[in-house]
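Nothing in this text is a laboratory measurement; each read-out follows from the coordinates by a stated rule. Just so it is clear, the model here is predicted, and its values are computed rather than measured. Cβ: placed from backbone, ideal geometry, glycine included. Neighbour counts: every protein chain shown.
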Amino acid sequence: MPNLTDAEKDAAKDAVDNATSQDEIDKAVDDAQEKNDAKANDPLADAKDEAKDKIDNMPNLTDAEKDAAKDAVDNATSQDEIDKAVDDAQEKNDAKANDPLADAKDEAKDNVDKNMPDLSDQDKKDIEDKINDAKTPEEIDQIIKDAQDLNDAKKDAKDDLKDLNDLSDQDKKDIEDKINDAKTPEEVDQIIKDAEDLNDAKKDAKDDLKDLNDLSDQDKKDIEDKINDAKTPAEVDQIINDAKNLNDAKKDAKDSINKLPNLTDAEKQDLINKINDAKTAEEVEQILNDAKNLNDAKKNAKDAINKLPNLTDAEKQDLINKIDGAKTVEEVEQILNDAKNLNDSKNGGEAVDNLQDAKNSAKDAINKLPNLTDAEKRDFIKRIDGANSLDAIENIAIEAQNLNDSRNQAGQNDLQDAKDAAKNQINGLQNLTDAQKQDFLSRIDAATSVSEINAILAEAKALDAQNLARTKDAAYKVIDGMANLTDAQKAELKGQIEGMTSVKAINDALEAAKKSVLPNTGAEDNGMLSVIGASMLGMLGLAGLGRRKKN
């Protein structure tokens with residue numbers, strides 16, 4: 001092979017000598033031939049060989065540095081690129097010749113290249129750049145120590161990653177890529193911690209999934225696939241929570257369907273099969289709602305058919321059997337319409353009579369509703385006159401009754417409010433005896449209208465005023481009988497009594513006056529009157545407190 005240099009030939013021969021199979025020998029020969037042919041077609045072949053010889057003779061370059069420089073030469077497509085590759089190598093060689101740390105740096109780079117297999121190519125390049133920039137042996141040592149720590153952290157992390165059995169192959173590949181890209185041991189530690197958290201979350205989720213007995217095998221497979229694809233513990237938690245909600249929804253729905261009395265066993269099983277196939281809680285809810293609607297439609301239809309007066313028992317049973325076999329609400333409604341048409345077609349005169357009787361009965365009932373206005377009653381009756389089926393009449397009557405009942409409840413609330421207010425006022429009347437108050441309160445409780453309550457309250461207020469007036473009249477007579485008072489003193493005392501507003505105040509004032517009256521001794525009268533006046537003023541103050549206790 002005339003185009004190979006001696007070094008290239010020696011390298012090819014070494015490959016042949018080291019071969020352990022015919023295939024390896026053939027490959028060594030093919031590679032050499034390919035290189036020889038390429039050089040034959042490369043006008044720069046001689047220049048490249050000369051350049052690589054120069055590089056091989058640069059004593060301060062490591063083998064790795066020489067190989068990198070020669071690769072740059074081989075990849076060159078012009079003489080300028082070849083010259084640049086040689087110049088770069090020469091510059092590096094010369095720099096190392098003038099660098100007292102050159103040997104230490106070469107040894108450090110060789111150490112990184114050969115003894116730190118868990119560092120990525122980019123890691124090694126970055127570390128080599130740091131070594132080249134180092135200014136002291138201590139700085140080189142620290143760079144190598146940091147590199148070794150990073151290599152060891154990556155190795156340990158990759159070993160730990162292999163034991164995380166609940167991570168998918170894709171998970172592990174993604175995490176290993178992150179480990180390779182990490183720049184510090186701390187970053188590596190965080191990556192493996194996150195991986196362990198994700199592994200634990202996936203394991204727990206898969207364990208929980210096994211206990212969700214209302215999920216189908218397909219459900220569980222789909223959910224486990226989602227768990228395997230999840231990238232974060234939060235995503236895993238959301239997946240298993242959704243799975244639990246779906247499981248609970250399916251269980252509750254199946255329990256509810258089994259309790260629907262108007263569905264056949266076959267219908268129930270068909271609905272349960274649909275629930276088993278459902279993928280979301282919303283889908284399950286829709287199936288259950290459809291089941292309830294069908295159940296209610298069947299019940300209502302059967303009730304309506306049993307009320308049709310012109311059908312025989314056999315006809316009713318036949319229609320009910322058809323309803324049992326119906327699969328949709330629309331089908332049930334059609335059967336019911338057919339039943340009504342059959343009922344109307346039989347014994348037409350009697351059917352008309354029954355319809356008129358129903359109208360008369362409904363109108364009588366509406367006219368007796370106490371909480372409807374005359375205009376409302378007329379409107380309901382007009383609608384009944386225009387109705388052409390028993391169902392329509394019944395619905396109008398129910399609507400009228402509901403309106404009446406709603407107002408009755410509102411009236412009851414108003415009545416209770418009126419009772420509470422009236423009782424509060426009666427309890428505040430100071431001139432009624434306890435017995436009188438209790439009588440009025442009992443009558444208020446028994447009242448059935450606001451007007452009745454108002455009448456009772458007015459009666460209580462009148463009796464309160466009457467009690468006060470009678471007490472004043474009696475007091476005046478007592479005062480007139482006080483022989484030791486002058487006419488002026490009696491007049492003054494009566495004036496004070498006149499201004500009082502409670503029976504108790506009057507009684508207390510009289511009692512005080514009686515105790516204060518002394519025999520009339522002329523000059524002492526004025527002093528005695530002052531005592532009476534002071535006592536009366538004291539009683540007036542007590543009366544103003546509004547105390548309710550009666551004598």
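Assorted remarks:
- Note on region 352-414: dipole from Cβ charges, positive end direction compared against A387, P370, Q401; the farthest Cα belongs to P370.
- Only Lys, Arg (+1) and Asp, Glu (-1) charged, at Cβ; the chain dipole about Cα centre in debye: 8660
- Vicinal HN-Hα couplings computed from phi for region 470-476 (Karplus, 6.51 cos²θ - 1.76 cosθ + 1.60; Hz; Gly/Pro x): 5, 5, 4, 4, 5, 5, 4
- Judged by the mean number of other Cβ atoms found within 10 Å, the most tightly packed of the peptides 196-203, 445-452 leads the ranking 196-203, 445-452.
- Count Lys and Arg as plus one, Asp and Glu as minus one, and take only other residues whose Cβ is under 14 Å from that of N371; the net charge is then -2.
- Within region 266-331, trypsin sites (Lys or Arg not before Pro) in DSSP loop having at most 13 other beta-carbon neighbours inside 10 Å: K279, K307, K327
- Counting Lys and Arg as +1 and Asp and Glu as -1 over every other residue whose Cβ lies under 13 Å from the Cβ of P2, the net charge comes to -2.
- Debye-sum result for region 403-488 in log10 I(q)/I(0), which assumes one identical scatterer on each alpha carbon, at q = 0.14, 0.19, 0.22, 0.24 Å⁻¹: -0.60, -0.83, -0.97, -1.08
- Only Cα pairs under 8 Å and 6+ residues apart enter the sum, and on that basis the relative contact order of the chain stands at 6 percent.
- Length-normalised contact order of region 265-348 in % [C-alpha pairs under 8 Å, at least 6 apart]: 31
- Cβ-defined net charge surrounding S361, 12 Å radius [Lys, Arg +1; Asp, Glu -1]: 0
- Annotation: lysines with alpha-carbon distance below 22 angstrom to K9 (same-chain offsets under eight excluded): K27, K35, K39, K48, K52, K54, K66, K70.
- Here r is the Cβ-Cβ distance between Q334 and K231 and R0 is 51 Å; the resulting FRET efficiency, rounded to 0.05, is 0.45.
- Using R0 = 45 Å, the C-beta based FRET efficiency linking Q148 and Q238 works out to 0.65.
- Hz values of 3J(HN,Hα) by residue in region 146-161 - Karplus curve (6.51, -1.76, 1.60), Gly and Pro given as x: 4, 5, 5, 4, 5, 4, 5, 4, 5, 4, 4, 5, 5, 5, 5, 4
- Contour excess over end-to-end distance, with Cα ends at E50 and Q401 and 0.36 nm allotted per residue: 115.0 nm
- One decimal place: the segment D277-T184 gains 28.5 nm when fully extended, by the rule 0.36 nm per residue minus the C-alpha distance.
- In the chain, the DSSP-assigned H stretches of four residues or longer account for a calculated mean residue ellipticity at 222 nm of -27000 deg cm²/dmol, using -39500 (n - 2.57) per stretch and the full residue count as denominator.
- Computed label-point distance, nm, for sites A266 and A314 using a 7 Å Cα→Cβ extension: 2.4
- Under the Karplus curve 6.51 cos²θ - 1.76 cosθ + 1.60, θ = phi - 60°, whole-Hz ³J(HN,Hα) for region 335-344, x wherever Gly or Pro sits: 4, 5, 4, 4, 5, 5, 5, 5, 4, 5
- Each Cα pair under 8 Å and six or more residues apart adds its sequence gap; the mean of these over the residue count of region 352-414 is a relative contact order of 41 percent.
- Approximate spin-label separation E452-V16, in nm, with each point projected 7 Å along Cα-to-Cβ: 12.9
- Length added when fully stretched, T433-D208, from 0.36 nm per residue minus Cα-Cα: 73.5 nm
- Principal axis dimensions, region 236-291 - Cα atoms, whole angstrom, descending: 41, 16, 14
- Global geometry of the chain, whether rounded, prolate or oblate, following the gyration tensor of its Cα atoms and the 1.5 cut on a/c: oblate
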